[in-house]
Amino acid sequence: MAALLVAALNAPAQAVTYGTPTIALSASYLSGAVGAVGDPVVNVTVGQSGADVSALTVSASASSRTSVAGTGDVTVTGAGAVRQLAVTARGRGYTNLTVKVTGLGGKTATKTLYYAASAAVQNPAEARYFTGSSDASAAVDVGGGYTIVADDESNVLRLYDRSRSGAPVRTWDFSAQLGVTKEVDIEGATRIGDTVYWTGSLGNNKDGEYKAPRNTVFTTKVTGSGSATQLAYGRSYKKLREDLVGWDVANGNRYGFAAGTAAGEAPKQIDGFNVEGLEFAPGSTTTAYVGFRAPLAPAALGGKALLVPVTNIDQVLANGAKAVFGTGIELDLGGLSVRDIRKNAADQYLILAGSWAADDNSDPYALYQWDGVPGHAPVKRTDLPTTDPGGWEAIVDVPDLSVAGARVQLITDSGSADLYGDGTEAKDLTHPEWKKARAAWFTLG
């Protein structure tokens, strides 16, 4: 027995056989921006049979354009089965990164990460990038630092963390409930209680053709808040455009709605027809202001921005009642029109003003404060930068405007922007992770 024990102790140790390491990326495509703060990261999941995952090492190397990002611009953190990989953009453009896990026994495995970096923007510390879509068109705050963002190129509503760059936390597509297969062209939204009202542009498409899905207003019901927010479809109404045209004709064609909606008429011209804002009147749960990107009130009337009150919007959506309108409200926004309108609980309004033109990224943008009362003039609070890609399109919420240094978060529609310098419009990018809209904070003057 003793001899057997001695033999066992002196026997050579049996070699451990390690399997081939495994590696998986939470996304194969990643977007960043030069100078950005808090760009999205990719989770790298690794493993190896027979090995403690903490003994595995993860590294990355540049395999194409190091002018965009090189080996030294990649950071990997974490020590478990899931590591976090971040990239600091060096320059604008595309590059491929090889992500490698090295296991015990010297065995390795690799994956390719396709990376795209957009150019630096003004005040990068105040910017965040919401990925998955580039055509942000309206936003509604849902508390807890989260917002739901609409897209005018699809009917998908996306829930984002306002403080972070990255993909949506949750998405909803109500196309089936709306009975449409094409985009509603969502351009405006407002919330009252647990109900969010969403409106399409109501106008023709860019080629001057009538597309029925764009003539849609619908509601969703909110439950929960923050990251736990959920949406349920409510009801829709698909005749608001006809109601508006009939009202204007009955009042002497003051705003030219019939002409602006005629076949062949593009919506984004000074005498076109295009809705981009929606917000309730002061103290009201039944009257909503419909804000127009086009038309401007005719030059003879001063070329003013236009709001039209719908005085029974609750009944329009609740039971399909024909819309009833109040007197049009004409606002002097310095020759600009309404791109969004939002108020807070104290009935302090901010109007995001921009050009009526179709290709207007270089045109002026500004924020105006207003009290919501017809006949009272809005006051400019700040001009907005126009050198960055994309046009300012949505106000997330309105702070207390009486507080010095109040800050507001805006979101761009970057669908027509060439984000990565290759001549491709963002809306036409193949990979959703490379599509993005920029959210930025501004301090009101």
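The values are calculated or read from the model by the stated rules, or taken from the named source; none is laboratory data. Here the structure is a predicted model, which means the values were calculated and not measured. Cβ placement follows ideal geometry from the backbone for every residue including glycine, while neighbour counts extend to all protein chains displayed. Surface accessibility is based on the protein's heavy atoms, side chains included, excluding ligands, DNA and RNA. Shrake-Rupley method; radii C 1.70, N 1.55, O 1.52, S 1.80 Å.
Could you run through the range 59-80 and say how many residues are part of a loop (DSSP other than H, G, I, E, B) and touching a Ser or Thr at 6+ places or on another chain (Cβ under 6 Å)?
Result for the range 59-80: 6.
Hey, does the range 334-342 have a residue that's over 26 Å from the mean Cα position of the chain (by Cα) and closer than 20 Å to A294 by Cβ?
yes
Of everything in the range 315-367, what is open to solvent by 10 Å² or more (accessible area, probe 1.4 Å), touching a strand residue (DSSP E or B) at 6+ places or on another chain (Cβ under 6 Å) and within 17 Å of Q409 (Cβ to Cβ)? Give them in sequence order.
Scanning the range 315-367 gives R342, K343.
In the range 131-145, is there at least one residue being touching a Pro at 6+ places or on another chain (Cβ under 7 Å), over 30 Å from L307 (Cβ atoms) and either open to solvent by 10 Å² or more (accessible area, probe 1.4 Å) or assigned to a loop (DSSP other than H, G, I, E, B) (or both)?
Taking every residue of the range 131-145 in turn, at least one turns out to be touching a Pro at 6+ places or on another chain (Cβ under 7 Å), over 30 Å from L307 (Cβ atoms) and either open to solvent by 10 Å² or more (accessible area, probe 1.4 Å) or assigned to a loop (DSSP other than H, G, I, E, B) (or both).
Starting from the range 81-101, take each residue that is within 11 Å of V34 (Cβ to Cβ) and in contact (Cβ under 8 Å) with a residue 40 or more places away in the chain and list its partners that are open to solvent by less than 60 Å² (accessible area, probe 1.4 Å) and polar (S, T, N, Q), counting only C-beta distances under 7 angstrom and pairs at least six apart or across chains.
Here the result reads R92/S118, each pair linking the range 81-101 to a residue that is open to solvent by less than 60 Å² (accessible area, probe 1.4 Å) and polar (S, T, N, Q).
Residue by residue through the range 114-127, note down the ones that are surrounded by fewer than 24 Cβ atoms within 10 Å (Cβ to Cβ) and in a strand (DSSP E or B).
Y114, A127
Taking into account only those residues within the range 286-304 that are closer than 21 Å to A262 by Cα and open to solvent by less than 10 Å² (accessible area, probe 1.4 Å), which is modelled with the lowest pLDDT?
A297
Of the numbered conditions (1) part of a strand (DSSP E or B); (2) within 15 Å of the chain's Cα centre (by Cα); (3) small (G, A, S), A366 satisfies every one except a single condition; which is it?
It fails just one condition, (2).
Pick out the one residue from D383, D397 that is of a type outside the set (S, T, N, Q), touching a residue at least 12 places away in the same chain (Cβ under 8 Å) and in a loop (DSSP other than H, G, I, E, B).
Every option except D397 fails the conditions.
Report, by residue number, each residue of the range 426-437 that is touching a residue at least 24 places away in the same chain (Cβ under 8 Å) and outside any helix (DSSP H, G or I).
If the condition is that a residue be touching a residue at least 24 places away in the same chain (Cβ under 8 Å) and outside any helix (DSSP H, G or I), then L429, H431, K435, K436, A437 are the ones that fit.
Looking at (1) out of contact with any Ser or Thr (no Cβ under 8 Å at 6 or more places or on another chain); (2) in contact (Cβ under 8 Å) with a residue 40 or more places away in the chain; (3) surrounded by 16 or more Cβ atoms within 10 Å (Cβ to Cβ), which is the one condition that is false for V37?
Evaluating V37 over (1) out of contact with any Ser or Thr (no Cβ under 8 Å at 6 or more places or on another chain); (2) in contact (Cβ under 8 Å) with a residue 40 or more places away in the chain; (3) surrounded by 16 or more Cβ atoms within 10 Å (Cβ to Cβ) leaves (3) as the failure.
Having 3 or more residues that are under 21 Å from the mean Cα position of the chain (by Cα) and either on the phi > 0 side of the Ramachandran plot or surrounded by 20 or more Cβ atoms within 10 Å (Cβ to Cβ) (or both) is the bar; report the strands (runs of 3 or more DSSP E) wholly within the range 178-276 that clear it.
186-192, 195-200, 217-223
So for the range 346-360 (the condition being β-branched (V, I, T), out of contact with any helix residue (DSSP H, G or I) (no Cβ under 6 Å at 6 or more places or on another chain) and under 16 Å from V217 (Cα atoms)), does at least one residue qualify?
no
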